[in-house]
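> Here it is: the structure, laid out below.
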Amino acid sequence: MDAKELKALKKKNKIKESKTDYVYYAICAFILFLLAVIVIYPLYYIVIASVSDPDAVMTGEVWLYPVKLTFSGYAQLFNRSDVWRGYFNTLVYTLVGTAFNIVLTIPAGWALSREYLPFRKIIMPLLIITMFFGGGLIPYVAVCRALGLYQNPLILIIGGGVSVYNVFMCKSFFQTNVPKEVLEAGQIDGAGEIRTFFDIVLPLAKSIISVMVLFYAVGHWNNYIDAYIFQIDQDFYPLQTVLDGILKATAGGEGEVVLEQMRIATQVKFTSIIIATVPILILYPMIEKHFGQGVLVGSFK
């Protein structure tokens, strides 16, 4: 029952709200306002700090509005060819890598949701074990080296191709949202497993696919450490690794250089956050309408 239906029900039954109800509403509104400020203000501060004079940011003058408006931080980053190259690399890794993840995760979730899957009772515990125990970084790197993926940009696309957590989320979604009657109707019409999956299951799975796209895309977009671990050539660095390298390069120095390095680092820090975050902020509203349904229905204990 939503707010409008509740209000109509109260009006129909002539239910009057007491003073304590209004006090309760006021307290709830106040708490929600505080929570909104706690969440929104850090994002707002990053935006105004990125367009403020670094000296004003360092001295704490910036807290409510930009001081000495400047876009020099953005100019410094966008005038660098490695930033644009990093943007392109990250777009490729995110688009191709997310598609690769979806191709593996959605069919795996659907297969595990079918009770007639051979060896299902063996596969399930094996997958659950991997959620709690892992070989660690060194064995992972050793396996990738044996597969020829060390110093290979492909590792940024196919590394971690499947998240077991996401597979189980998809499994739960399919078990609760694909009616058996629809599947039986498809079987009567002569649809096999492959046709059933593509013509019946996938059209019903838009919400969970949207959630998986967001989860995997954010993971690929924010990934920067793998380029260091696998010693990828700098021409293939993703954006986050490029920005991390720029930020580290602006740190340090001696004598009078320290202050200037700190000014540059302050500008680069806030500007790089904006540059790296905007694409994900653009992506989220596109799939937000499916997000709630996919997460709630596809969640599992």
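> Pull up region 16-38, narrow it to residues that are exposed (fewer than 10 other Cβ atoms within 10 Å of the Cβ) and modelled with pLDDT under 90, then point me to the one that is farthest from S72 (Cα to Cα).
K16
> Something else about it: For region 139-196, how many residues meet the condition of being assigned to a helix (DSSP H, G or I) and either open to solvent by less than 40 Å² (accessible area, probe 1.4 Å) or free of Cβ contacts under 8 Å to residues at least 12 places away in the same chain (or both)?
The total comes to 33.
> Next question. How do the pairs read when you match residues in region 72-93 that are over 19 Å from N223 (Cβ atoms) with residues anywhere that are crowded, with 17+ Cβ neighbours inside 10 Å and of a type in the set (A, V, I, L, M, F, W, C), using Cβ under 6 Å and keeping only pairs 6 or more apart or on different chains?
L77/V83
> While we're looking at this one, here's another question. Looking only at region 71-102, which residues are open to solvent by less than 40 Å² (accessible area, probe 1.4 Å) and among the β-branched types (V, I, T)?
Scanning region 71-102 gives V83, T90, T94, T98, I102.
> Taking the options I229, I208, I287, name whichever one is open to solvent by less than 60 Å² (accessible area, probe 1.4 Å) and modelled with pLDDT under 80.
Answer to the check: I287.
> OK, next. Are any residues in region 103-121 open to solvent by 30 Å² or more (accessible area, probe 1.4 Å) and closer than 17 Å to Y165 by Cα, and if so, which ones?
Of everything in region 103-121, those that are open to solvent by 30 Å² or more (accessible area, probe 1.4 Å) and closer than 17 Å to Y165 by Cα turn out to be V103, L104, P107, A108, A111, R120.
> How do the pairs read when you match residues in region 48-64 that are in contact (Cβ under 8 Å) with a residue 24 or more places away in the chain and closer than 21 Å to Q76 by Cα with residues anywhere that are open to solvent by less than 20 Å² (accessible area, probe 1.4 Å) and among the small types (G, A, S), using Cβ under 7 Å and keeping only pairs 6 or more apart or on different chains?
Taking only residues 6 or more apart or on different chains, the pairs are S50/G73; V57/A49.
The values are calculated or read from the model by the stated rules, or taken from the named source; none is laboratory data. Just so you know, these numbers come straight off a predicted model, no measurement behind them. Note that we place each Cβ from the backbone using ideal geometry, even for glycine, and neighbour counts take in every protein chain shown. Ligands, DNA and RNA are stripped out before the accessible areas are found, and what is left, the full protein with its side chains, is counted by its heavy atoms. Shrake-Rupley method; radii C 1.70, N 1.55, O 1.52, S 1.80 Å.
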